[in-house]
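A short reminder: the numbers here are calculations on the coordinates, not readings from a lab. This one's a predicted model, so the numbers in the text were calculated from it and none came from an experiment. Cβ: placed from backbone, ideal geometry, glycine included. Neighbour counts: every protein chain shown.
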Protein chains: 2
Amino acid sequence: MKAKIVITPKKAVLDPQGKAVQNALEHMGYGGIQAVHVGKYMEIEIDGERESVRKQIDEACHKLLSNPVIEDYHFQLE
Amino acid sequence: MKAKIVITPKKAVLDPQGKAVQNALEHMGYGGIQAVHVGKYMEIEIDGERESVRKQIDEACHKLLSNPVIEDYHFQLE
């Protein structure tokens, strides 16, 4: 089974990396950009029963993979 | 319009960050993990006509946001 995890900064948190990418794109001539948010993406290939994998991944996201104070995460299992 | 971009290391490229996450998860007691891949995720909010936005984002991914030698990217527009 494969878990696809997306971790993004919370909306209320400053995202200097996103701002830097936005500035770079504007300097390269790309117009109409309203906002850029930069986060992390992870794929975890894991064996097990679907519900137990879901619980494990959720716990791992909360404890290790993200910082719940400043980041949100969501994932899907395939 | 919002572009959701996922950038991952190519399969043939070493992914030490993924290996580190895998080791950390195993040390925390999570079993059954076959592989972990770590990549980047970006959301770009951009105005414009759909096809022209698609072309711009594809070009930006190729030129700035990813390193096509060692990374793959894909994105979707919403």
| task | On a 0 to 90° scale, report how tilted helix B:16-27 is relative to the longest principal axis of chain B, with both axes built from alpha carbons and the result rounded to the nearest 10. | result | 40
| remark: Expressed as a whole number, the average count of other chain Cβ atoms within 10 Å around the Cβ atoms of B:23-32 is 4
| Could you give the alpha-carbon Rg of the range A:1-75 over 2.2 N^0.38 Å, rounded to two decimals? | 1.39
| field | Inter-copy separations for A:Lys63, label at 7 Å along Cα-Cβ, nm, ascending | value | 4.6
| How far is A:Glu51 from itself in the other copies, in nm, if each label sits 7 Å out from Cα along the Cα-Cβ line, shortest first? | 4.9
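Which whole-number percent gives the relative contact order of the range A:2-77, counting Cα pairs below 8 Å spaced six or more residues apart? List each step's numbers first, then the result.
Numbers: 84 pairs, mean separation 40.7, N = 76.
53 percent.
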| task | Would you kindly work out, in nm and rounded to one decimal, the distances from the label point of A:Lys19 to those of the same position in each other copy, ordered shortest first, with label points 7 Å along Cα-to-Cβ? | result | 3.6
| note | Taking alpha-carbon centroids only, the range A:43-71 lies from the range B:22-44 a number of Å equal to 9
| message | Using only the alpha-carbon atoms, how far is helix B:50-60 inclined from the longest principal axis of chain B? Give it as 0 to 90 degrees, nearest 10. | response | 50
| task | List, largest first, the extents of the alpha carbons of the protein assembly as shown along their principal axes, each in whole Å. | result | 48, 36, 24
| Nearest-to-axis residue of chain A, judged by beta-carbon position, where the axis maps A onto B, in Å | A:Tyr41, 2
| Counting only the backbone N, which residues of the range B:27-58 are under 18 Å from the spot 7 Å out from the Cα of A:Asp72 toward its beta-carbon? | B:41-46
